[in-house]
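See below for the structure under consideration.
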Amino acid sequence: MYVMTKWVNEYMDSVKCQALLLAIQYGSLTAAGKELGYTQSGMTRMIRSLEKEIGFPLLVRNKQGVRPSANGLQMVPVFQEVVRASQKAADLGAAIQGVLAGVLNIGSYYSVAAAWLPAILRHFQTQYPKVEIHLLEGTNQELAQWINEKAVDCCLAAKPGGDVAYDWIPLKDDELVVWLPPDHPWTAEKEIPVEWLNGAPFVIPLPDHDTDIDRFLAAKQVQPDIRFTTTDPYTAYCMVEEGLGISINNRLTTEKWTGRVELRPLAPAQSISLGLAVPDIQEMSPAASKFVAQVWQIVNGKTEK
């Protein structure tokens, strides 16, 4: 442990580590350099310098771009820790001086990003203009991965399942509803029995991605007739509007959508828990702590949006 700590302290440059991590993320030195404000040649020099310090290649370069070498892949968690430690030091230094600053990486479920985040971010930026915010939208699977990797400070999402270590702050239970074409016979019903979904023509967004729909169908052992799949919930909504099938989703998803799709609750009623997932609430940066507190206040009506 002493050898590794000494090596990190003497040789690790957080900017070089960040450059390498972004190059791996984008698969391109040019794209990574654009985000960091460096030219491709500048990125190349930093990566080569880091490789020289470490003693082995970290990237494999080809015509398609770059990817991590086998040894480089093993080093990724170390580089991530160096970047986090550097940012934590900068955040704490700013907080000591009485200025809330730093970088905030927020993961978000698609529906939450559209319905809640614009007002939340506007309010937060008004109060803390020196905090730079990076928003990552993703599926439940992607959000769980980002939490495990500590790539985000917090996630606004449905409660993660599976093997994910996190602290959970519940915000709201959101109802699952059935999406129906405007002329569908079920529109005459006030609610749709769960068992009716068996064999019904169905449009499903992001199948097999641990979505709320996947979880619901598995938990209730419902087997609709899946006619269409898509990667975008709004596309699924439009397909339902055109009569290509029915679907289900949480009510928040359609809160700001305008269309002719009819929504009906399920019987018995079904809901999902929406909230904030934090990798470790004891290790949150000052900016993340303020953001989490403000989200709770806004969602629970304690602060004007």
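Remark: pairs (first residue in the range 15-38, over 12 Å from Leu59 (Cα atoms); second residue in a helix (DSSP H, G or I) and of a type in the set (Phe, Trp, Tyr); Cβ separation under 6 Å; 6+ apart in sequence or on different chains) = Cys17/Phe79; Ala32/Tyr26. Residues in the range 148-167 that are among the hydrophobic types (A, V, I, L, M, F, W, C) and loosely packed, with under 14 Cβ neighbours inside 10 Å: Ala165 alone.
Tally time: how many residues in the range 150-176 are more than 22 Å from Leu135 (Cβ to Cβ) and assigned to a loop (DSSP other than H, G, I, E, B)?
Applying the first criterion (more than 22 Å from Leu135 (Cβ to Cβ)) to the range 150-176 yields 161-163, 165, 173, 175-176.
Still in the running and assigned to a loop (DSSP other than H, G, I, E, B): 161-163, 165.
Going through the range 150-176 one residue at a time, the tally reaches 4.
Being closer than 30 Å to Thr187 by Cβ and either surrounded by fewer than 22 Cβ atoms within 10 Å (Cβ to Cβ) or within 20 Å of the chain's Cα centre (by Cα) (or both), is that true of even one residue in the range 293-305? Taking every residue of the range 293-305 in turn, none turns out to be closer than 30 Å to Thr187 by Cβ and either surrounded by fewer than 22 Cβ atoms within 10 Å (Cβ to Cβ) or within 20 Å of the chain's Cα centre (by Cα) (or both). Within the range 75-84, identify whether any single residue is surrounded by fewer than 16 Cβ atoms within 10 Å (Cβ to Cβ) and either of a type in the set (Gly, Ala, Ser) or touching a strand residue (DSSP E or B) at 6+ places or on another chain (Cβ under 7 Å) (or both), and answer yes or no. Looking through the range 75-84, none of the residues is surrounded by fewer than 16 Cβ atoms within 10 Å (Cβ to Cβ) and either of a type in the set (Gly, Ala, Ser) or touching a strand residue (DSSP E or B) at 6+ places or on another chain (Cβ under 7 Å) (or both). Residues of the range 86-96 include none that is within 19 Å of the chain's Cα centre (by Cα) and either within 25 Å of Ile298 (Cα to Cα) or at pLDDT 90 or above (or both).
Summed over the range 279-295, residues that are within 15 Å of Phe124 (Cβ to Cβ), of a type outside the set (S, T, N, Q) and touching a strand residue (DSSP E or B) at 6+ places or on another chain (Cβ under 7 Å) total 6. Across the range 252-284, which residue is surrounded by the fewest Cβ atoms within 10 Å (Cβ to Cβ) among those that are modelled with pLDDT of 95 or more and among the charged types (D, E, K, R)? Result: Arg260. Arg61 fulfils the conditions (1) touching a residue at least 12 places away in the same chain (Cβ under 8 Å); (2) in a strand (DSSP E or B) except for a single criterion, (1).
The values are calculated or read from the model by the stated rules, or taken from the named source; none is laboratory data. Small disclaimer: the values here were computed from a predicted structure and weren't measured. Please note: Cβ atoms are built from the backbone with ideal geometry, for glycine as well, and neighbour counts cover all protein chains shown.
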